[in-house]
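Working notes, structure below.
The values are calculated or read from the model by the stated rules, or taken from the named source; none is laboratory data. These numbers come from a predicted model, not from an experiment. For neighbour counting, all protein chains shown are included, and Cβ atoms are generated from backbone atoms with ideal geometry for every residue, glycine included.
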Amino acid sequence: MSALQILHRDPGSQARAGVLRTAHGAVRTPAFVPLATKATVKGLEPREVAALGYDMVLGNTFHLFLEPGADLVAHFNGLHDFMGWPHPVITDSGGFQVFSMGHGAVADEVKGRAPTGPDRMGRVLSIDEDGVRFRSYIDGSERFMGPETSMEVQAKLGADIALVFDECTPFHIGREYTARSTERTHRWLDRCLAFHEEHGPPGQLVYGIVQGGVYEDLRIASAQEIAARPVDGIAIGGSLGADKAQMYEIVGWALCALGDDDARPRHLLGIGDVDDLIRGVELGVDTFDCAMPTRLGRHGVAIVPDPANRWRVDLTAARHKQSHEPIMEGCPCPACSGGHSRGYLRYLLKNRELTGVRLLTLHNLAYLARLMVGLRAAIAGGTLAAHAAGLRGGAAP
Ligand SMILES: [Zn+2]
């Protein structure tokens with residue numbers, strides 16, 4: 001039986017709304033999942049995250065493997081107790097981060113961005129059928145991660161949902177390499193499932209990951225391979241193309257190959273822009289994770305209902321210096337309902353005051369939480385098409 005109970009289907013799209021049941025409670029879907037990469041949603045207390053309306057957070061296997069280490073987290077009875085979050089936790093497999101080092105900033109290239117970011121200090125020493133040997137970005141020590149290591153770490157972390165270890169190919173890689181890599185990902189999937197069968201914690205759900213890059217036949221074949229295995233859910237990873245149109249096409253191929261009858265939960269990895277969440281929901285995605293709302297908040301950028309500016313406003317810009325306006329009229333988040341002006345927030349952010357970062361993080365996560373609440377209600381009420389059109393036109397969530 002699927003962990004996902006689908007309660008409503010939208011007649012005009014593939015969208016579905018329901019409840020994903022895990023060992024630590026239920027997740028209302030479709031849902032956005034905030035990142036708790038290093039066992040914290042940066043700057044927030046767990047109860048604040050829950051109060052925003054989030055049911056689940058995502059921890060990062062690669063980072064937690066290196067620091068503080070899975071054994072220490074296990075000593076505290078797993079991630080839930082360690083970080084004080086009693087609700088569902090999903091952990092990624094570490095594949096994305098490990099291969100980011102190997103292919104040179106895959107993290108950026110996979111999503112079609114220019115290479116930037118701090119995740120490239122480590123170095124891959126070798127990649128073979130066993131797994132990946134690499135140098136830790138923390139202390140330069142030599143470390144290894146393969147399918148079994150990843151599943152063992154995720155077992156010790158006590159994740160409610162574990163993602164299998166996959167080879168994550170970057171944007172510039174050709175078809176030949178993508179095909180071979182996707183086949184290896186399928187072999188690794190079998191090893192992950194075998195390890196989990198033997199050593200996985202009771203109740204832990206395991207998601208396979210669809211790869212196949214930007215190639216239609218490889219994506220469809222990968223989706224069918226993954227779906228044929230006894231996985232509890234299906235994630236879509238890897239290179240999703242150069243732009244949004246291509247991303248939607250690729251996600252559509254994978255989900256189409258699964259078919260409407262497959263009621264297992266579907267997770268789209270690393271996607272969280274407002275327009276992408278709307279389209280992803282229409283395509284039949286149940287859960288999403290992304291660094292975007294929290295990372296933008298740390299850089300002084302707020303999410304607002306402004307499609308012409310990619311739903312963003314940079315509060316550090318000089319034009320906000322004397323602004324009495326809130327980030328967003330009518331927003332119930334602590335930053336807006338607390339009466340804080342854009343001028344005050346700009347001052348805090350320019351001076352790197354922690355309060356400013358916290359308020360923006362709270363606003364951005366509140367925005368996406370309400371966006372998902374609205375989408376769920378629209379699916380349930382049979383009004384998704386009109387609701388989505390309104391959002392795309394700049395309606396507040
Ligand atoms: Zn707000």
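Would you mind stating whether ARG264 is more than 16 Å from the ligand (Cβ to nearest atom) and part of a loop (DSSP other than H, G, I, E, B)? Working first, answer last.
On the way: more than 16 Å from the ligand (Cβ to nearest atom): yes; part of a loop (DSSP other than H, G, I, E, B): yes.
Spelling it out, ARG264 is indeed more than 16 Å from the ligand (Cβ to nearest atom) and part of a loop (DSSP other than H, G, I, E, B).
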What is the residue count in region 298-329 for residues that are under 16 Å from LEU349 (Cβ atoms), without any contact (Cβ under 8 Å) to a residue 24 or more places away in the chain and more than 12 Å from the ligand (Cβ to nearest atom)?
-> 7
Do we find that ARG295 is free of Cβ contacts under 8 Å to residues at least 12 places away in the same chain and either more than 21 Å from the chain's Cα centre (by Cα) or outside the structural domain of THR37 (by TED's automatic domain parsing) (or both) in this structure?
-> yes
Would you check if ALA396 is under 25 Å from the mean Cα position of the chain (by Cα), part of a loop (DSSP other than H, G, I, E, B) and under 27 Å from ARG28 (Cα atoms)?
-> yes
When residues of region 64-79 are limited to those that are out of contact with any helix residue (DSSP H, G or I) (no Cβ under 8 Å at 6 or more places or on another chain) and outside any helix (DSSP H, G or I), the one surrounded by the most Cβ atoms within 10 Å (Cβ to Cβ) = PRO68
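Among the residues that make up region 291-301, is at least one of them within 30 Å of LEU4 (Cα to Cα), in contact with a helix residue (DSSP H, G or I) (Cβ under 6 Å, 6 or more places away or on another chain) and not small (Gly, Ala, Ser)?
yes
Please work out if ALA51 is small (Gly, Ala, Ser) and either within 27 Å of ARG279 (Cα to Cα) or under 18 Å from the mean Cα position of the chain (by Cα) (or both). Lay out the reasoning, then the answer.
Working: small (Gly, Ala, Ser): yes; either within 27 Å of ARG279 (Cα to Cα) or under 18 Å from the mean Cα position of the chain (by Cα) (or both): yes.
Taking the combined requirement at face value, the residue satisfies it.
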What number of residues within region 355-367 are out of contact with any Gly (no Cβ under 7 Å at 6 or more places or on another chain) and more than 11 Å from the ligand (Cβ to nearest atom)?
-> 2
What tally of residues in region 317-348 results from selecting those that are more than 17 Å from LEU44 (Cβ to Cβ), in contact with a helix residue (DSSP H, G or I) (Cβ under 7 Å, 6 or more places away or on another chain) and part of a helix (DSSP H, G or I)?
-> 4
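Conditions (1) of a type outside the set (Phe, Trp, Tyr); (2) touching a strand residue (DSSP E or B) at 6+ places or on another chain (Cβ under 8 Å), marked per residue:
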residue	(1), (2)
MET151	yes, yes
ALA155	yes, yes
GLY158	yes, yes
ALA162	yes, yes
CYS168	yes, no
PHE171	no, no
ARG180	yes, no
THR185	yes, yes
Single residue of region 278-332 satisfying the filter (basic (Lys, Arg) and more than 25 Å from ALA245 (Cα to Cα)) that is surrounded by the most Cβ atoms within 10 Å (Cβ to Cβ) | ARG298
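Quickly run through region 88-141 and pick out the residues that are at pLDDT below 65, farther than 22 Å from THR40 by Cα and part of a loop (DSSP other than H, G, I, E, B).
Of the residues in region 88-141, the ones at pLDDT below 65 are 103-121.
Subset that is farther than 22 Å from THR40 by Cα: 103-106, 108-116.
If the condition is that a residue be at pLDDT below 65, farther than 22 Å from THR40 by Cα and part of a loop (DSSP other than H, G, I, E, B), then HIS103, GLY104, ALA105, VAL110, LYS111, GLY112, ARG113, ALA114, PRO115, THR116 are the ones that fit.
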Hey, any hits in region 374-385 for a residue that's within 16 Å of the ligand (Cβ to nearest atom) and either closer than 17 Å to ARG16 by Cα or in contact (Cβ under 8 Å) with a residue 24 or more places away in the chain (or both)?
-> yes
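Just for region 333-373: of the residues that are of a type in the set (Lys, Arg) and under 24 Å from the mean Cα position of the chain (by Cα), which one is surrounded by the most Cβ atoms within 10 Å (Cβ to Cβ)? Give the steps one after another, and end with the answer.
Initial filter on region 333-373 (of a type in the set (Lys, Arg)): 342, 346, 350, 352, 358, 370.
Imposing the further condition that a residue be under 24 Å from the mean Cα position of the chain (by Cα) reduces the set to 358, 370.
Working: ARG358: 20, ARG370: 17.
Per the criteria, the residue is ARG358.
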